[in-house]
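Read the structure below first, then the notes.
The values are calculated or read from the model by the stated rules, or taken from the named source; none is laboratory data. What you see is a predicted model; the values in this text were computed from it and never measured. Ideal geometry is used to build each Cβ from the backbone, glycine not excepted, and the neighbour counts take in all protein chains shown.
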Amino acid sequence: MSESEVSGSDIYLQNEVAFNKGEKYLLKANSGHGKSSILNFIYGSNLNFDGKIEFDNNNDSILDIRKLKLSYVFQDINSMGEY
């Protein structure tokens, strides 16, 4: 994503962003401005970013986190791959 696409974002280009456990958040932006990207970064399906993402300040693998702490509803059925 270009810097102009994310310059006004409350998430992108910030030194640190924290999402608190048990809270609900609304990601709101125009189409193509990174909503799905941030979710893919958190879920670990896209690792093309600088920095790190931590869950509960532990070192569990992303696979363990997905099994125990994280779920994702894909935008469309095609995101899940072919059957």
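Which of the residues spanning region 54-83 are within 19 Å of SER31 (Cβ to Cβ) and either at pLDDT 80 or above or of a type outside the set (A, V, I, L, M, F, W, C) (or both)?
The answer is GLN75, ASP76, ASN78, SER79.
Any idea which residue in region 26-75 is farthest from ILE11 (Cα to Cα), counting only those that are among the aromatic types (Phe, Trp, Tyr) and in contact with a Lys or Arg (Cβ under 9 Å, 6 or more places away or on another chain)?
We begin by selecting, within region 26-75, every residue among the aromatic types (Phe, Trp, Tyr); these are 41, 43, 49, 55, 72, 74.
Pick out the ones that are also in contact with a Lys or Arg (Cβ under 9 Å, 6 or more places away or on another chain) and you get 43, 55, 72.
On the way: TYR43: 16, PHE55: 17, TYR72: 19 Å.
Top of the filtered list is TYR72.
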